[in-house]
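To keep things clear, I will list the structure first and then write my remarks on it.
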Amino acid sequence: MNPPADAVYPMLLIPLVGVIALGVIGHSRRAGWVNIAISAATFVASLRLALGVLKHGPLLTTSKMFYIDSFNVYLLVLTAFVGLTTAIFSRTYMLDEMKLGRVSTKRLQLYHAMYQGFLLTMLLALSTNNLGILWVAMEGATLATVLLVSLYRTPESIEAAWKYFILCGVGIAQALFGTVLLFFAAQRVVRNRHQALLWNILYAHAAYLDPAVMGLAFVFLLVGYGTKVGLVPLHNWLPDAHSEGPTPISAVLSGLLLNVALYALVRIKMLADPTLGALPGELMMGFGMLSFIVAVLFLHRQRDIKRLYSYSSIEHMGLMTFGFGVGGALATFAALLHMTVHSLTKSSIFVTAGHAAHIAGSQSIDRIRGLIRTQPAVGWGLLIGTVAIAGFPPFGIFTSEFLLLVATMQSWPWLTIPLLIGLVVALAGLFRQVQPMVYGEAMPDQRPTRTSMVPVVVHLALVLWLGLAIPAFLAQWFNHATFLISGSSLP
Amino acid sequence: MAYPLTAWALALLQTLLFIASAPLLCGWVKRVRCAFQNRASPPLWQPYRDLGKLFRKSVILAEEASWLFRATPYIVLAAMVLAAAVIPLIAVNLPTDAIADVIVLVGFLALGRFFIALAGLDIGTAFGGIGSSREMMVSSLAEPAMLMAVFTISMTASSTNLSTAMHYLLQSGLVLRPSFVFTAAGLMMVAVAESGRLPVDNPATHLELTMIHEGMILEYSGRHLALIEWASEIKFMIYAVLIADIFLPWGIATRVTPWELLSGVVAITVKLALLAVLLGAVESGLAKMRLFRVPEFLNLAFLLCLLGLLSHIILEVAI
Amino acid sequence: MTPVSLYTQAILMLAALVLFTSFALLAQARMFALIRLYAWQGTLLAVTTALVAWVTHQPRLYISALLTLGLKALLIPWFLNRLVIRLGLQHETEVLQGNSLILLGAAALTVFSYYVVMPIVQLSTLVTRNVIAVSLAVILLGLLLIIVRRKAVTQVVGFMCMENGLFFAAVASTYGMPMVVELGVAFDVLVASILFGVFFLHIRDSIDSLDVDRLNQLREGDD
C-alpha cells in the first residue's frame, strides 16, 4: 500500500457514487444541493492528494494505474474546484430552467447524473497512468456530455449534439490509432507488455522509441486530442456544443474538457520530444497559431453571446497550444499558468453569460442590452470577466500572455507580431460586442433573475490574485511541471 | 531458346483443339441453361450444325458495304485464333506462348472488337451504330478492369508471360491469395460483359432496345456470319480458359509426355465444364440489366480488380 | 520469399475480406443491407482475431474475439436493426451520388494508408504486420462513409466501422491492447451505440426525418 498515492481512489470514487446517487434522486429539488456536496467532497479529496504530492513528490499507486505528479495534480485540483463552483451555480440556474419549463424532472435527473459522470471522466483522464485509459476517459467525457448538449431538445441543440458526437468521435478515433501505434513502438522497448502503455514507464524509455513510429503516432494523437482541444480546423463542434447546451455545461466544457484534452496532448508531446526533436513543438505551434488567428477573426462575426465566448475559448486554447509548442521553460510556464487562469475566467464568464441570457430571455447579443441597469451584479461580472479574458492587467491572463510574448520574442521574434495584432483584434472584437450588452439602454422585457454570483466572484478574485502574485506552492508546482515538460525550469 | 519441332507441332495442335472445341463449350453452356430452366435442350453439337449451315449459305451484302465490312470477319477470326494460340490450354512452356504476353492478348481482343465496331458502323444502319457505340462503352469500362487483373497476376508471378506465370503459380503450390479471389471475381464479371452474356447482353435475342453484340452484326449473313459467330465463341472460350488457367492451374501439363498431356486435356475439360455450370446457373438466375446499369456493373468489376491489386501490394508483397 | 503457413494466408485472406466489406458498405444504399454488412465485418473481425490467437498462441485474444463477436457482430447490429424497424426505415434507401468517384477515392485512401503505415510494417516482425495498412484503410473508409452519407443510420455505421478498424489495428500491430484498455474501449462503444439509438429518436422527433442534411440551423454569424 502507498497511502499518499491511495488518496486518488476516494477522489475518483466520490463522483462515481455521485453518478449512481444522482441517477436515483437527481430529479428532486434537493438534487442541486447533493450535487454541490458531492463536488465539494471531491474537491477536498483532490486537495488531500495535492498535499501528498507537495510532501512526497510524484506518486504512483501500487497497481501502477494512477500516477500523480506536479503537472496533473494542479489540474486535478483546478478541475475539482471548477466542478464545485459550477455545481453551486448550476443549482440555481437549473431551478430557474425548471421554472421556465425548459427541462423536465427526468432530464434534470439525467443532467445531474451526467454532470458527475463528466467530472469523473475528467479526473480519471487526468490521474490515470495508462494512455489507453486516458483515451477511454476522453471518449467517456464526450459520451457523458453529449446528451447534456441536447438537453433542451430543440432542433438546434440536437444538431449541435450530433455534430459534437460525430466530430469528436471521429477525431478521438484517430487518437486511439495513435495510441495503438504508441503501444507498438513501446513494445519494442518495454519488455513487459502490460506496462507498455504506462506513462511513467514510457517516459523513462522515451529516448529509445522508434522515431518513425513516434512521428506517425504523434500526428494521429495530435489530430485526435486536437479535435477535443478545439484546434482549427477541427473546431467546428465547439461553438455549437457550447452555445446550445445548458450554461453550466458550457462552463465546464470550456473550463475543463479543453484543458484536459490539452493535458493529454502535452503528455504525448513529452514522450515524442526526445526522439522527434523540434517536430512536435513546431506542429503544435502551427496548429496553435492557426486556431488563435482564425478564432480572433471569427469573434467579430458572432451574434450569440455563448458562441462569442466559445470562440474566445478556441483563441485561448490556440495560445496555450502555441505556448507548449514553443517549449522552453518560460513559454511552458506561461502556458501552464494560462491553462489555470483561462479555465477560471472562462467558466466565470459562462456563468454570467448564462445569467445574462436568462435576464434577456435570449442568447442573442442584440437582445441583451443594459445589463448594468437591469442587474448590476451580472453586468459588472460580465464586464470584469471580459476585461480579464481580454488580457488587461492586473488579471492573471495578462501575466501569462505577457510571459508568453516574452518567450516568443526570445525564440521566434517575428511571431510576436501576429500574436500582438491578434490580441488587439480579439480585444476589439470582444469589447465591440460586450459594451452595448453591459451599458446601453435596457430592453423593456428584461427581468432580473435569481443569480449565484459566488463562483464568479471567487474565480475572478483568484485570477486577480494570480495576476498580482503567484503563491509560492503554486509557483513551485508550475516550476516542477515546467521542468517535467520542457526539461528546464525557471530560475 | 530453341524448341524442338514436336513442341511446335504440339502448339499447333493445341491451338487447333482450342478453336475447334470453342463451339462445343457454347453448346454445353446452352445445355446447362436449359437444364436449369427445365427446358428441352438442343444437342451438344448444335453450334457446329449452325456454323455448318451458315457456311453453306450464300453471302448477301448490303449495297453500302465497303471492303471493311467484308474483311472484318476474317480479321476478327484471325485475331481470336492468334489470341487462342497464346493461351496454354493443355500444356505450358510451348513455343507459341513465348511469342506474346498477356498484354498483347488484351490487344488481340481489342483489335477484334475494334473491327467489329467499325463494321457495325460501316453499313450505316441505325442498329449497327447503336450496337457499336454500346460495345465501345462496355469495352472502355471493361478494359481497365481487365488490365488491372492482368497487372495483379503479372506482379504476383513477376512476369507478363502467361505461361511463365502459370508455371510460377504451379510451383508455389496451394497459396491462399486474397488478391486472386478479388481478381477472379472481377475477371469473371469482365468476361461476362465482354463475351456478351447475361446480365450485360443477351446473345439469344435480337431485341433492338437491348442488344449490343447482335446489333453490330445484324447485317452479316452466310459465311461472314459464321466466321463472326465462331470468333465470338472462341473469345468466350478464351476468357473461360484464362480464368480456369490462372486461378486453378492444377492439372495442366508441364512436360511433354503423353500421360501429362492426357491429364491436361482431362483437367481443362473438367474445369471448363464446371465453369460453364457456374455460368449457366448465374445466367438463369439473373435478368438482363438495363443498359445504364451496365457501367455500375463494370465499375464493380473494376473495383474488384483494383482491390485485388491493392491487396496484392498491401498484403502479399512483404511475406 | 519465405513460405508462409496456411493459417497466415487465411488471416490475410480474412483481412482482405474485411477491407472488401468496407468497400461494400460504401456502395450499399439500403439500410438493412448496410447493417447486415456491418455485422459481417464484425464476424470476419472476430474470426480473424480468433485465428491470430490460435496461430500466435495468445489466449487473451480469444476473449477479444468473443467480445467482438458478441458486441459488433450480434448486439450492435441487432440493436440497429430494431431501431430501423422501430423508426420505420426498412425501405429507406439513400441516393448515392457519384458513387464510382467515391469508390475510387476509397481505393486512393487505401493506397494512402499503405504508405502511411509503411515504416511500421517494416519494423514489425509479427505475422499480421501486413494487415496494419488494411486496418487503417478500414478506419479511413469509415470516415469516408460518414462524410459522404446523409442518413444518421449510415453515419453511425461508419462510426462503428472506424471502431472496427481501430480494433483491427490493435490486433494487427500488437496482438491487441492490454485487457483493461480493451474492456474500456468496448464499454465506450457499447455506450456510444446506446446513445446513438437515443439520438435517432431525438432527431426524428425534432426534424421528422433522419436526414442529417436537414440539421443545418447552426451557422456562423450574420444569417
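The values are calculated or read from the model by the stated rules, or taken from the named source; none is laboratory data. Because the structure is a prediction, the values reported are computed rather than measured. For neighbour counting, all protein chains shown are included, and Cβ atoms are generated from backbone atoms with ideal geometry for every residue, glycine included.
Would a scan of the range C:62-72 turn up a residue that is surrounded by 23 or more Cβ atoms within 10 Å (Cβ to Cβ), hydrophobic (A, V, I, L, M, F, W, C) and assigned to a helix (DSSP H, G or I)? Working first, answer last.
First, the residues of the range C:62-72 that are surrounded by 23 or more Cβ atoms within 10 Å (Cβ to Cβ): C:64, C:68, C:72.
Imposing the further condition that a residue be hydrophobic (A, V, I, L, M, F, W, C) reduces the set to none.
No, the range C:62-72 contains no residue that is surrounded by 23 or more Cβ atoms within 10 Å (Cβ to Cβ), hydrophobic (A, V, I, L, M, F, W, C) and assigned to a helix (DSSP H, G or I).
Can you list the helices (runs of 4 or more DSSP H) found entirely within the range B:214-319 that contain at least 2 residues being touching a strand residue (DSSP E or B) at 6+ places or on another chain (Cβ under 6 Å)?
Where helices (runs of 4 or more DSSP H) fall fully within the range B:214-319 and carry at least 2 residues being touching a strand residue (DSSP E or B) at 6+ places or on another chain (Cβ under 6 Å), they are B:258-285.
Check off (1) surrounded by fewer than 22 Cβ atoms within 10 Å (Cβ to Cβ); (2) at negative phi for A:V296 and give me the number that stays unchecked.
So A:V296 meets the others, but not (1).
Just to be sure, is C:L145 modelled with pLDDT of 90 or more, under 25 Å from C:G98 (Cβ atoms) and more than 10 Å from chain A (Cβ to nearest Cβ)?
Values: modelled with pLDDT of 90 or more: yes; under 25 Å from C:G98 (Cβ atoms): yes; more than 10 Å from chain A (Cβ to nearest Cβ): yes.
It is true that C:L145 is modelled with pLDDT of 90 or more, under 25 Å from C:G98 (Cβ atoms) and more than 10 Å from chain A (Cβ to nearest Cβ).
Restricting to the range A:17-35, count the residues that are crowded, with 21+ Cβ neighbours inside 10 Å and not in a helix (DSSP H, G or I).
Residues that pass the stated criteria total 1.
Taking the range A:41-66 on its own, how many of its residues are without any contact (Cβ under 8 Å) to a residue 24 or more places away in the chain and among the hydroxyl-bearing types (S, T, Y)?
Here the count works out to 1.
For (1) over 26 Å from C:R204 (Cβ atoms); (2) modelled with pLDDT of 90 or more, each residue gets a yes or a no:
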| position | (1), (2) |
| --- | --- |
| A:L148 | no, no |
| A:L151 | no, no |
| A:T154 | no, no |
| A:A196 | yes, no |
| A:A207 | yes, no |
| A:G215 | yes, yes |
| A:G224 | yes, yes |
| A:V232 | yes, no |
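Might you check whether a residue that is of a type in the set (D, E, K, R) and within 18 Å of A:A185 (Cβ to Cβ) occurs anywhere in the range C:128-138? It would help to see each step written out before you state the result.
Of the residues in the range C:128-138, the ones of a type in the set (D, E, K, R) are C:129.
In the following step, the residues that additionally are within 18 Å of A:A185 (Cβ to Cβ) were identified as C:129.
Checking the range C:128-138: at least one residue is of a type in the set (D, E, K, R) and within 18 Å of A:A185 (Cβ to Cβ).
Within the range B:78-97, identify whether any single residue is acidic (D, E), out of contact with any His (no Cβ under 7 Å at 6 or more places or on another chain) and surrounded by fewer than 19 Cβ atoms within 10 Å (Cβ to Cβ), and answer yes or no. Break it down into steps so the answer makes sense when it comes.
Going through the range B:78-97, the residues acidic (D, E) turn out to be B:97.
Cutting the leftovers down to out of contact with any His (no Cβ under 7 Å at 6 or more places or on another chain) gives us B:97.
Among the residues that remain, those that are also surrounded by fewer than 19 Cβ atoms within 10 Å (Cβ to Cβ) are: none.
No, every residue in the range B:78-97 fails to be acidic (D, E), out of contact with any His (no Cβ under 7 Å at 6 or more places or on another chain) and surrounded by fewer than 19 Cβ atoms within 10 Å (Cβ to Cβ).
May I ask you to list the residues in the range A:430-471 that are modelled with pLDDT of 90 or more and among the small types (G, A, S)?
A:A461, the sole residue that qualifies.
Just to check your reading of the model, which residue among A:V103, A:V53 is on the phi < 0 side of the Ramachandran plot, buried (at least 17 other Cβ atoms within 10 Å of the Cβ) and outside any helix (DSSP H, G or I)?
Numbers: A:V53 fails: outside any helix (DSSP H, G or I).
Result of the check over A:V103, A:V53: A:V103.
Give the residues of the range A:346-391 that are hydrophobic (A, V, I, L, M, F, W, C), within 12 Å of A:K306 (Cβ to Cβ) and surrounded by fewer than 24 Cβ atoms within 10 Å (Cβ to Cβ), sorted by residue number.
Result: A:A357, A:I365.
Could you tell me how many of the residues in the range C:69-106 are within 14 Å of chain B (Cβ to nearest Cβ) and free of Cβ contacts under 8 Å to residues at least 60 places away in the same chain?
Selection size over the range C:69-106: 6.
Since A:F183 meets every condition but one in (1) more than 30 Å from A:R307 (Cβ to Cβ); (2) among the aromatic types (F, W, Y); (3) away from chain C (no Cβ under 14 Å), which condition does it not meet?
(3) is the only condition that A:F183 fails.
Report, by residue number, each residue of the range A:297-333 that is hydrophobic (A, V, I, L, M, F, W, C), in contact (Cβ under 8 Å) with a residue 60 or more places away in the chain and more than 14 Å from chain C (Cβ to nearest Cβ). Lay out the reasoning, then the answer.
Narrowing the range A:297-333 to residues hydrophobic (A, V, I, L, M, F, W, C): A:297-299, A:305, A:308, A:314, A:317, A:319-320, A:322, A:324, A:326, A:329-331, A:333.
Then drop every residue that is not in contact (Cβ under 8 Å) with a residue 60 or more places away in the chain, which leaves A:297, A:299, A:305, A:308, A:314, A:317, A:319, A:322, A:324, A:326, A:329-331, A:333.
Passing the criteria: A:M317, A:L319, A:F322, A:F324, A:V326, A:A329, A:L330, A:A331, A:F333.
Listed residues B:M136, B:M188, B:M166; which is in contact (Cβ under 8 Å) with a residue 12 or more places away in the chain and surrounded by fewer than 17 Cβ atoms within 10 Å (Cβ to Cβ)? Even if it seems obvious, please write down each step before you answer.
Numbers: B:M188 fails: surrounded by fewer than 17 Cβ atoms within 10 Å (Cβ to Cβ); B:M166 fails: surrounded by fewer than 17 Cβ atoms within 10 Å (Cβ to Cβ).
Going through B:M136, B:M188, B:M166 in turn, the sole match is B:M136.
Between B:I103, B:I116, which is part of a helix (DSSP H, G or I), of a type in the set (V, I, T) and buried (at least 22 other Cβ atoms within 10 Å of the Cβ)? Break it down stepwise before answering.
Numbers: B:I103 fails: buried (at least 22 other Cβ atoms within 10 Å of the Cβ).
Checking each option against the conditions leaves just B:I116.
Just checking, how many residues over the range B:45-73 are acidic (D, E) and in a loop (DSSP other than H, G, I, E, B)? Don't jump to the end; show me each part of the working.
Kept after step one, since they are acidic (D, E), are these residues of the range B:45-73: B:50, B:63-64.
Okay, now just the ones that are also in a loop (DSSP other than H, G, I, E, B), so B:63-64.
The qualifying residues number 2.
Just one of A:T86, A:T121 is under 15 Å from the mean Cα position of the chain (by Cα) and without any contact (Cβ under 8 Å) to a residue 40 or more places away in the chain; which is it?
Values: A:T86 fails: without any contact (Cβ under 8 Å) to a residue 40 or more places away in the chain.
From the options A:T86, A:T121, the qualifying one is A:T121.
Looking only at residues that are free of Cβ contacts under 8 Å to residues at least 24 places away in the same chain and small (G, A, S) in the range C:108-133, which one is farthest from the other protein chains (Cβ to nearest Cβ)?
Once the filter is applied, the top-ranked residue is C:A108.
Going residue by residue through the range B:279-297, is there one that turns out to be within 14 Å of chain C (Cβ to nearest Cβ), more than 23 Å from B:S163 (Cα to Cα) and of a type in the set (A, V, I, L, M)? Break it down into steps so the answer makes sense when it comes.
Taking the range B:279-297 and keeping what is within 14 Å of chain C (Cβ to nearest Cβ), we get B:292-297.
Next, from what is left, pick out any that are more than 23 Å from B:S163 (Cα to Cα): B:292-297.
Subset that is of a type in the set (A, V, I, L, M): B:294.
Within the range B:279-297, one or more residues are within 14 Å of chain C (Cβ to nearest Cβ), more than 23 Å from B:S163 (Cα to Cα) and of a type in the set (A, V, I, L, M).
Quick check, is C:A50 part of a helix (DSSP H, G or I) and without any contact (Cβ under 8 Å) to a residue 24 or more places away in the chain? Full working, then the answer.
Working: part of a helix (DSSP H, G or I): yes; without any contact (Cβ under 8 Å) to a residue 24 or more places away in the chain: yes.
It is true that C:A50 is part of a helix (DSSP H, G or I) and without any contact (Cβ under 8 Å) to a residue 24 or more places away in the chain.
Taking interchain pairs and intrachain pairs at least six residues apart, which have beta carbon atoms under 7 angstrom, with the first residue in the range C:161-189 and more than 8 Å from chain A (Cβ to nearest Cβ) and the second among the aromatic types (F, W, Y) and in a helix (DSSP H, G or I)?
C:C161/C:Y38
Pairs, please: C-beta under 6 Å, at least 6 apart or cross-chain, first residue of a type in the set (D, E, K, R) and in the range A:463-479, second surrounded by 14 or more Cβ atoms within 10 Å (Cβ to Cβ)?
Filtered contacts from the range A:463-479: no entries.
From the list A:N192, A:N200, A:N236, which one is more than 13 Å from chain C (Cβ to nearest Cβ) and surrounded by fewer than 24 Cβ atoms within 10 Å (Cβ to Cβ)?
Working: A:N192 fails: more than 13 Å from chain C (Cβ to nearest Cβ); A:N236 fails: more than 13 Å from chain C (Cβ to nearest Cβ).
Among A:N192, A:N200, A:N236, only A:N200 is more than 13 Å from chain C (Cβ to nearest Cβ) and surrounded by fewer than 24 Cβ atoms within 10 Å (Cβ to Cβ).
Can you go through A:I14, A:I38 and tell me which one is without any contact (Cβ under 8 Å) to a residue 60 or more places away in the chain, surrounded by 15 or more Cβ atoms within 10 Å (Cβ to Cβ) and farther than 15 Å from A:T128 by Cα?
Numbers: A:I38 fails: without any contact (Cβ under 8 Å) to a residue 60 or more places away in the chain.
When all the criteria are applied, what remains is A:I14.
At least 2 residues that are in contact with a Pro (Cβ under 8 Å, 6 or more places away or on another chain) and in contact (Cβ under 8 Å) with a residue 24 or more places away in the chain in each: list the helices (runs of 4 or more DSSP H) lying fully within the range A:129-239 that qualify. Let's see the steps before the verdict.
On the way: elements: A:131-149, A:155-187, A:199-204, A:211-229.
In the range A:129-239, the matching helices (runs of 4 or more DSSP H) lie at A:131-149, A:211-229.
Among (1) touching a residue at least 24 places away in the same chain (Cβ under 8 Å); (2) in contact with a helix residue (DSSP H, G or I) (Cβ under 6 Å, 6 or more places away or on another chain), there is one condition C:K151 misses while meeting the rest; what is its number?
(2)
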